[in-house]
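What follows is one structure encoded as structure tokens, with my remarks underneath.
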Amino acid sequence: MDFTKDFFNLLLDFGDEWVITKVETDHRKFHVYLYLDYISDYYEDPDTMERASLYDHVEQREWRHLDILQYKSYVRCRIPRVKCKDGAVKQIALGWADKHDRHTFHFEIRVINLLQATKNQTKTAEFMNCGFRIVNRILHRSTERGMQRRDVSTVPFEHISIDEKSFKKGHNYVTVISHPRSGAVLDVGEGRNQESVKQLLLSTFNEQQRQSINTVSMDMWKAYINSAEENCPNAEIVHDKFHLIAYLNKSIDMVRRREVKYNDALIDSRYAILKNEENLTEKQREKFALIKSANFEVSKVWHIRENFRELFGFCNNEKEAGQLFVSWAQDSFMKGIKEVNKVILMFVSHLRGVVNALISNLNNAMAERLNGKIQEIKLVGRGYRKFVNFRSAILFFHGALDLYP
């Protein structure tokens, strides 16, 4: 038995002040119970670190620890309480677990590592042989801890991205503010109306930071534009390339759907038209070549989109970019294709933001990659019904936070 206790003391290493004095096993439940005692004569106030005197011990409590072979491991301990100089009676700091938790720090670290690997709370709970609620609580706690530790009050955020993400059925969205340079999500807000976005900006950045923001990449959502203009007065709005191309892609698909009713050549052509040429399969390449050379309206819209792509990075100043855009818009509008004309008029109504996109190298590329990663979180987690759970998951996986206890 002495060997067993010595072995576990060496293995667990809770510190010189803590010693395992007894080990029990329940072979029916496959449980191991490790009894831990505080053996030092030195006690201190857990808040001020000043010396204190032993008062008593609390009732025995139990913490889940890392499994030992096929056995669930539990630490049992009666925590000492001390009488401090101010007369208050407090539990001593443990060092191996939070006083409010029912698991050790080692257990929590393993859960965090498994969550990072699986992106799935249910699978993590299965691997750790524990309940889902424990894993979920650790995810929330570690995210809160990381957000409290993160101090970006002096970081000059010159460029930020604002994007939306749906998180359950219906028109339910969250707003994601990210930092393209670091690739980190700064925070997530519920909804995408002007007031909610304003509150998110105010809580994420202090006044000096909002004044120092030079550019904001975003979609053409009016609430985002208004909130950015109101709360980031020195920032230029940049309607990023990816969203702009997406609007044109949508118009291509709408025209294709209309024309496919009368042209059999357009059957099963959706991906052949919308995908980049270098990503086409051989079969799609043949289909694409046929459509590209035909006189279909969808072919014309495809050329309109490609001409718009060519505008990016072609010019370096606002005047030249504006002239090229107007020329493209006029020429494209004259084709008389109603689906694409609607998009052109929308671009014209947001001319400043579109021109800024043409002359800058700034875009929502990183935000779009984050969007894809957030979508992965949704798919693996089979969706989220509550905003607070979705927010914690996004920040846990993509907030670049210091999560560990």
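The single condition among (1) among the polar types (S, T, N, Q); (2) surrounded by 15 or more Cβ atoms within 10 Å (Cβ to Cβ); (3) touching a residue at least 40 places away in the same chain (Cβ under 8 Å) that S196 does not satisfy is (3). Among the strands (runs of 3 or more DSSP E) confined to segment 33-147, the ones with at least 2 residues that are buried (at least 18 other Cβ atoms within 10 Å of the Cβ) and among the hydroxyl-bearing types (S, T, Y) are located at 71-77. The residue of segment 325-341 that is surrounded by the most Cβ atoms within 10 Å (Cβ to Cβ), among those that are in a loop (DSSP other than H, G, I, E, B) and in contact with a helix residue (DSSP H, G or I) (Cβ under 7 Å, 6 or more places away or on another chain), is I337. When only residues in segment 45-96 that are among the small types (G, A, S) and closer than 22 Å to I109 by Cα count, which is modelled with the highest pLDDT? Once the filter is applied, the top-ranked residue is S73. May I ask you to list the residues in segment 231-244 that are assigned to a helix (DSSP H, G or I) and either buried (at least 22 other Cβ atoms within 10 Å of the Cβ) or touching a Lys or Arg at 6+ places or on another chain (Cβ under 7 Å) (or both)? The answer is N231, K241, L244. Residues of segment 191-222 that are in contact with a strand residue (DSSP E or B) (Cβ under 8 Å, 6 or more places away or on another chain), closer than 23 Å to D151 by Cβ and outside any loop (DSSP other than H, G, I, E, B): Q199, L200, L201, S203, T204, V216. Per the conditions (1) in a loop (DSSP other than H, G, I, E, B); (2) at pLDDT below 90, the sole criterion not satisfied by L401 is (2).
Of all residues in segment 278-299, one or more are assigned to a loop (DSSP other than H, G, I, E, B), at pLDDT below 90, surrounded by 15 or more Cβ atoms within 10 Å (Cβ to Cβ) and out of contact with any Asp or Glu (no Cβ under 7 Å at 6 or more places or on another chain). Selection over segment 251-268 of residues that are loosely packed, with under 14 Cβ neighbours inside 10 Å and either touching a residue at least 24 places away in the same chain (Cβ under 8 Å) or not assigned by TED's automatic domain parsing to the domain that holds V348 (or both) gives a count of 1.
Considering segment 336-370, the residues that are of a type in the set (D, E, K, R) and at pLDDT 90 or above include one that is nearest to F397 (Cα to Cα), namely R352. Test A272 against the stated conditions and say whether it is surrounded by fewer than 20 Cβ atoms within 10 Å (Cβ to Cβ) and modelled with pLDDT under 75. When the stated conditions are applied, A272 does not pass them. If you check V188 against the conditions, is it among the β-branched types (V, I, T), in a helix (DSSP H, G or I), at pLDDT 90 or above and surrounded by 15 or more Cβ atoms within 10 Å (Cβ to Cβ)? The answer is no for V188. Restricting attention to segment 4-32 and to residues that are of a type in the set (F, W, Y) and either at pLDDT 90 or above or not assigned by TED's automatic domain parsing to the domain that holds R78 (or both), the residue that is surrounded by the fewest Cβ atoms within 10 Å (Cβ to Cβ) turns out to be F30.
The values are calculated or read from the model by the stated rules, or taken from the named source; none is laboratory data. Predicted, not measured: the structure shown is a model, and the values here were computed from it. Counting neighbours? That spans all protein chains shown, and the Cβs are built from the backbone with ideal geometry, glycine included.
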